[in-house]
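Here the structure is laid out as structure tokens; the discussion comes afterwards.
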Amino acid sequence: MQAVKTIRGVAMPLNRADVDTDQIIPAKYLKLVERTGFGRFLFDSWRKDESFVLNDPAFAKAQVLVGGPNFGCGSSREHAPWALEDYGFEAVVAPSFADIFYSNCTKIGLLPVVLAEDAVKALMAAGRATIDLAAQTVSWDGGEASFEIDPETKRRLLEGLDDIGVTLQMADAIDRYETERERSGPVTTSLA
């Protein structure tokens, strides 16, 4: 996982409340066995409407998605953050998130940022954002807001550590444990 430090770029407004995971990535596309390739199906049903914001060339390379309240509600599928990240988004800013969606984002390095609704609306209007994870701030032309994040989640994002990376930091302790628990005597688990 890539470390998350500062995210700068285009902020795409998606001014809709209760965007659920099936709207983010419809269930019919959940057949891929890898974590990549889902971006092309992002907001698939909505993209059929030519006026949908993601079809606007100005937002084709947006780094920040700015959504409405309760973003990522619905089923707990990990594919929704995967699709957002695979498309190119590095952060999602909203007044609130579904808990499981928020957690799934942090596990892959997609930064979820909770801001007050007035700050979200100002960011939507601005169209560009700078998110500084270390300082826990979001700034845009004409404004800035602070956000809260769990200190351990912040550390993991700043260091680029997913669950496996955190486990590998303990490799020496794991090896010591495995060595110390070895028993003398015949091996009873060998198939050879």
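What follows draws every value from the coordinates through simple rules; no lab data is involved. What you see is a predicted model, and the numbers here were worked out from it, not measured in a lab. Here the Cβ positions follow ideal geometry from the backbone for every residue, glycine too, while neighbour counts run over all protein chains shown.
Descriptive notes on the structure:
- Antiparallel bridges, percent of DSSP beta bridges restricted to segment 71-192 (to nearest 5): 60 percent
- Between 0 and 90 degrees, the angle of helix 117-126 with respect to the longest Cα principal axis of the chain falls at about 70 degrees.
- Diffusion coefficient, µm² s⁻¹, Stokes-Einstein with Kirkwood Rh over alpha-carbon pairs of segment 1-40 at 37 °C and 0.692 mPa s: 247 µm²/s
- Stokes-Einstein diffusion for the chain, with the hydrodynamic radius set to the Kirkwood value over Cα pairs and evaluated at 4 °C in a medium of 1.567 mPa s, equals 72 µm²/s.
- On a per residue basis, the convex hull of the C-alpha atoms belonging to segment 129-186 measures out at 80 Å³.
- Modelled FRET efficiency - R0 22 Å, residue 178 with residue 36, Cβ distances, 0.05 increments: 0.10
- Dimensions of segment 1-99 along the principal axes, based on C-alpha atoms and rounded to the nearest Å, stand at 34, 32, 26, largest first.
- Helix 171-180 and the longest principal axis of the C-alpha atoms of the chain enclose an angle of approximately 20°.
- Using θ = phi - 60° and Karplus 6.51 cos²θ - 1.76 cosθ + 1.60, couplings along segment 14-30 (whole Hz; Gly, Pro as x): 10, 7, 9, 8, 6, 5, 9, 5, 6, 6, 5, 9, x, 4, 5, 9, 8
- Cα centroid separation, segment 72-144 to segment 1-47: 11 Å.
- Remark on segment 52-111: ratio of C-alpha radius of gyration to 2.2 N^0.38 Å is 1.07.
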